[in-house]
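Peer 1: Below are the structure tokens for one structure; questions will follow.
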Amino acid sequence: MERIEETSGETMIAWSYGGGTQSAAIAVMILKGELPKPDIVCMADTSREVSETWDYLIEVVQPSLDKIGIKVNVIPHSYSYMDLLAKNGDILLPVFTRKSGSIGKLPTYCSKEWKQRPVRRWLREHGVQKCDLWLGISTDEMERMKISDKNWLNNAYPLIDTKPTNRNQCISIAENYGWPTPPKSRCWMCPNMSAYSFKQLRDNYPEEFDKAVELEKELHAIDPLVYLHRLAIPLSEAVNQSDMQSDMFDGCDSGFCWT
């Protein structure tokens, strides 16, 4: 993508496409003229996104956006300066731990390092001086809204402030437009996934589930008391022990977990 020409203080609309249910609804609203066309659209590649997210973008969303001249620019994972570990050696993932004897959970740092900061770096590199950054958070997730800590970037929530919409309505908007049901955007090893989602991953995307199992082994080499599954036992065992009931909320549902 070409660098955007700098403007004299003009506030642009930038959309951080998360790849999930809410992003699909925003795309439809743009296509129907219910939301303005953003000036720039991007998606941070964590390098571990479940493949159905990419399939939906490539096969469903992008062909429709092409018709109105919108391109979802994929930001390479190289824009993140950290991977699994912080510079001090801490694990960035919100893994479960038995370090205290009972099951606990580490803070989430991966989303800031893999999504928030890469998006901001990329926008600045491409000439964005001031923008409203659309985030795909719906009305049932309002507690996740946050004010930006950058004076050049304002966090904006079109599914709350402009077109108030909840997650179920987002699904209906996409389906009523003739699109397949949009997937949940998530990384294939995300500890915030529900037990049900891990089972779906194993059954529908076995290669990605196997990658998660191997990644957990890498983490065990660093800290043998951390786990990806909320049962805090090895993922390969946990996925067979938890029930199949779908959780009402999946921590990575919107694909914009850093907020």
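Peer 1: For V128, state whether it is closer than 25 Å to P36 by Cβ and among the β-branched types (V, I, T).
Peer 2: So V128 passes the test.
Peer 1: Same structure again: Can you name every residue in segment 187-208 that is closer than 20 Å to I91 by Cα and modelled with pLDDT of 95 or more?
Peer 2: C187, W188, M189, C190, P191
Peer 1: In segment 68-115, which residues are at pLDDT 95 or above, among the basic types (K, R) and farther than 20 Å from W188 by Cβ?
Peer 2: K71
Peer 1: How about segment 205-218: which of its residues are surrounded by 16 or more Cβ atoms within 10 Å (Cβ to Cβ), in contact with a Phe, Trp or Tyr (Cβ under 8 Å, 6 or more places away or on another chain) and not hydroxyl-bearing (S, T, Y)?
Peer 2: Once the filter is applied, which keeps residues that are surrounded by 16 or more Cβ atoms within 10 Å (Cβ to Cβ), in contact with a Phe, Trp or Tyr (Cβ under 8 Å, 6 or more places away or on another chain) and not hydroxyl-bearing (S, T, Y), segment 205-218 yields E208, F209, A212, E216.
Peer 1: For segment 49-67, which positions are acidic (D, E) and outside any strand (DSSP E or B)?
Peer 2: E52, D55, E59, D66
Peer 1: Is it the case that Q116 is part of a helix (DSSP H, G or I), within 26 Å of T181 (Cβ to Cβ) and not basic (K, R)?
Peer 2: Spelling it out, it is not the case that Q116 is part of a helix (DSSP H, G or I), within 26 Å of T181 (Cβ to Cβ) and not basic (K, R).
Peer 1: Here's a follow-up. Take the conditions farther than 28 Å from L225 by Cα and free of Cβ contacts under 8 Å to residues at least 60 places away in the same chain and apply them to R121. Does it pass?
Peer 2: So R121 fits the description; yes.
Peer 1: Being touching a helix residue (DSSP H, G or I) at 6+ places or on another chain (Cβ under 6 Å), of a type in the set (V, I, T), under 29 Å from P224 (Cα atoms) and in a loop (DSSP other than H, G, I, E, B) is the requirement here; does T46 meet it?
Peer 2: yes
Peer 1: What number goes with the only condition from (1) acidic (D, E); (2) surrounded by 12 or more Cβ atoms within 10 Å (Cβ to Cβ); (3) under 23 Å from H126 (Cβ atoms) that D90 does not pass?
Peer 2: Of the numbered conditions (1) acidic (D, E); (2) surrounded by 12 or more Cβ atoms within 10 Å (Cβ to Cβ); (3) under 23 Å from H126 (Cβ atoms), the odd one out for D90 is (3).
Peer 1: Pull up segment 123-137, narrow it to residues that are assigned to a loop (DSSP other than H, G, I, E, B) and within 16 Å of the chain's Cα centre (by Cα), then point me to the one that is farthest from Y17 (Cα to Cα).
Peer 2: The residue in question is I137.
Peer 1: Filter segment 164-204 for residues that are outside any helix (DSSP H, G or I) and of a type in the set (G, A, S); which is surrounded by the most Cβ atoms within 10 Å (Cβ to Cβ)?
Peer 2: Taking the candidates together, the pick is S185.
Peer 1: Also: Go over the candidates D140, D149, D161 one by one and state the one that is out of contact with any Cys (no Cβ under 8 Å at 6 or more places or on another chain), surrounded by fewer than 20 Cβ atoms within 10 Å (Cβ to Cβ), without any contact (Cβ under 8 Å) to a residue 60 or more places away in the chain and in a loop (DSSP other than H, G, I, E, B).
Peer 2: The conditions single out D149.
Peer 1: So, of the residues in segment 6-53 that are basic (K, R) and over 30 Å from A212 (Cα atoms), which turns out to be surrounded by the most Cβ atoms within 10 Å (Cβ to Cβ)?
Peer 2: K37
Rundown of residues vs (1) under 16 Å from E125 (Cα atoms); (2) without any contact (Cβ under 8 Å) to a residue 40 or more places away in the chain; (3) not polar (S, T, N, Q), yes/no style:
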| site | (1), (2), (3) |
| --- | --- |
| D39 | yes, no, yes |
| Y56 | no, no, yes |
| K71 | no, no, yes |
| D83 | no, yes, yes |
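Peer 1: Quick one: in segment 90-111, which of the residues that are free of Cβ contacts under 8 Å to residues at least 60 places away in the same chain and part of a loop (DSSP other than H, G, I, E, B) is nearest to L231 (Cα to Cα)?
Peer 2: Per the stated criteria, the residue is S102.
The values are calculated or read from the model by the stated rules, or taken from the named source; none is laboratory data. Remember, predicted model here, so these are calculated numbers, not experimental data. Every residue, glycine among them, receives a Cβ derived from its backbone with ideal geometry; neighbour counts consider all protein chains shown.
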